[in-house]
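Peer 1: Take this structure, written in structure tokens, and hold onto it; I'll ask about it next.
The values are calculated or read from the model by the stated rules, or taken from the named source; none is laboratory data. All figures in this text were calculated on a predicted structure; none of them were measured in a lab. Note: ideal-geometry Cβ built from the backbone for every residue, glycine included; neighbour counts use all protein chains shown. Note: areas computed on protein heavy atoms with side chains; ligands, DNA, RNA excluded. Shrake-Rupley method; radii C 1.70, N 1.55, O 1.52, S 1.80 Å.
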Amino acid sequence: MRPVLTLPDSRLRQKSERVTRFDGVLRELCDELTAAMRAGPGGVGIAAPQVGELKRVVIVDCSVSRRPCKNHGLLRMVNPEIVEGSTQKVLGREGCLSVPEWVGMVSRSREVRVRFHDVAGVEREIACGGFEARVVQHEVDHLDGILFIDHIVSIQDLVRRMQ
């Protein structure tokens, strides 16, 4: 399993490339990402750049979260694009495998509609709400070199995670 990159690694700030080949290499990357996500604290989402692969691939699985939410289970999203976000914003605490030990309050859309390809290359579009919408937005940000710390409401809200 590849190690998760952490700040100040500059690859976390780079924009990822679209995936054009839907093959065994892509499925293997998704399997590696899923394993890395589940091995880390929180374990609800990860993006390919977090393991040094600058491809537009994210994994989200809110079904394992202690936070109650309606969710779609394990999502392996290739070339995800948020096509619509609700104007209603909600504050929530976020952390990140690539910014270990820190959490902060971030404002995100309560609901989003996301279009993506599955690992077979089939285009899909789903609506996400609540915690799942937050995780999707967080992970899609990674694909453009954006981290949750770029969105925190105020620096006073950035606090060390309890060990």
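Peer 1: May I have the extent of the alpha carbons of the chain along their three principal axes, as whole Å values ordered from largest to smallest?
Peer 2: Sorted largest first, the three principal extents are 45, 32, 27 Å.
Peer 1: Which whole-Hz ³J(HN,Hα) couplings does segment 104-115 yield from phi under the Karplus relation 6.51 cos²θ - 1.76 cosθ + 1.60, θ = phi - 60°, glycine and proline marked x?
Peer 2: Ordered by residue, 3J(HN,Hα) equals x, 7, 10, 8, 9, 5, 5, 9, 9, 10, 10, 10 Hz.
Peer 1: In whole Hz, with x marking every Gly and Pro, tabulate ³J(HN,Hα) for segment 12-18 from phi via Karplus 6.51 cos²θ - 1.76 cosθ + 1.60, θ = phi - 60°.
Peer 2: So the Karplus estimates, Gly and Pro as x, are 5, 9, 9, 7, 8, 8, 5 Hz.
Peer 1: With each label point set 7 Å from Cα along the Cα-Cβ vector, what nm distance links R110 and R27?
Peer 2: Once both label points are built, they end up 4.1 nm from each other.
Peer 1: To the nearest 20 debye, what is the magnitude of the charge dipole of the chain about its Cα centre, counting +1 on the Cβ of each Lys and Arg and -1 on the Cβ of each Asp and Glu? Could you put the intermediate results ahead of the total?
Peer 2: Values: 24 positive and 22 negative charges, 66 e Å.
Rounded to the nearest 20 debye, it is 320 debye.
Peer 1: In addition: Gain in length, R11 to A120, computed as 0.36 nm per residue apart minus the alpha-carbon separation, to one decimal in nm? Show your work: numbers first, answer last.
Peer 2: Numbers: separation 109, 0.36 × 109 = 39.24 nm, distance 2.69 nm.
Between R11 and A120, full extension yields an extra 36.6 nm.
Peer 1: Something else now. Counting DSSP beta bridges in the chain, what percent are antiparallel, to the nearest 5? Before the final figure, lay out the partial values.
Peer 2: Values: 30 of 31 bridges.
The antiparallel proportion sits near 95 percent.
Peer 1: Spin-label point model (7 Å from Cα, Cβ direction): what's the T20 to V83 distance in nm?
Peer 2: Going from the T20 label point to the V83 one covers 2.3 nm.
Peer 1: Starting from the Cα coordinates of segment 80-150, work out the convex hull volume and express it per residue in Å³. It would help to have the intermediate numbers written out before the result.
Peer 2: Values: hull volume 6.4 nm³, N = 71.
Expressed per residue, the convex hull around the Cα atoms of segment 80-150 is 90 Å³.
Peer 1: How large is the dipole of segment 63-132 about the Cα centre if only Lys and Arg carry +1 and Asp and Glu carry -1, each at its Cβ, rounded to the nearest 20 debye?
Peer 2: Numbers: 11 positive and 9 negative charges, 59 e Å.
For this selection, approximately 280 debye.
Peer 1: In addition: Round to the nearest 10 and report in Å² the accessible area of K15, as given by a 1.4 Å probe over the protein chains' heavy atoms.
Peer 2: Around 150 Å² of this residue is reachable by solvent.
Peer 1: Shifting gears a bit: For segment 46-163, give the percent of accessible area contributed by carbon and sulfur heavy atoms, probe 1.4 Å, rounded to a whole number.
Peer 2: Values: 2760 of 5660 Å².
Solvent-exposed carbon and sulfur of segment 46-163 make up 49 percent of the total.
Peer 1: Just the ratio, please: alpha-carbon radius of gyration of segment 8-89 over 2.2 N^0.38 Å, N its number of residues. Don't skip to the answer; put the middle values down first.
Peer 2: Details: Rg = 13.6 Å, N = 82, 2.2 N^0.38 = 11.7 Å.
Computed over Cα atoms of segment 8-89, the ratio equals 1.16.
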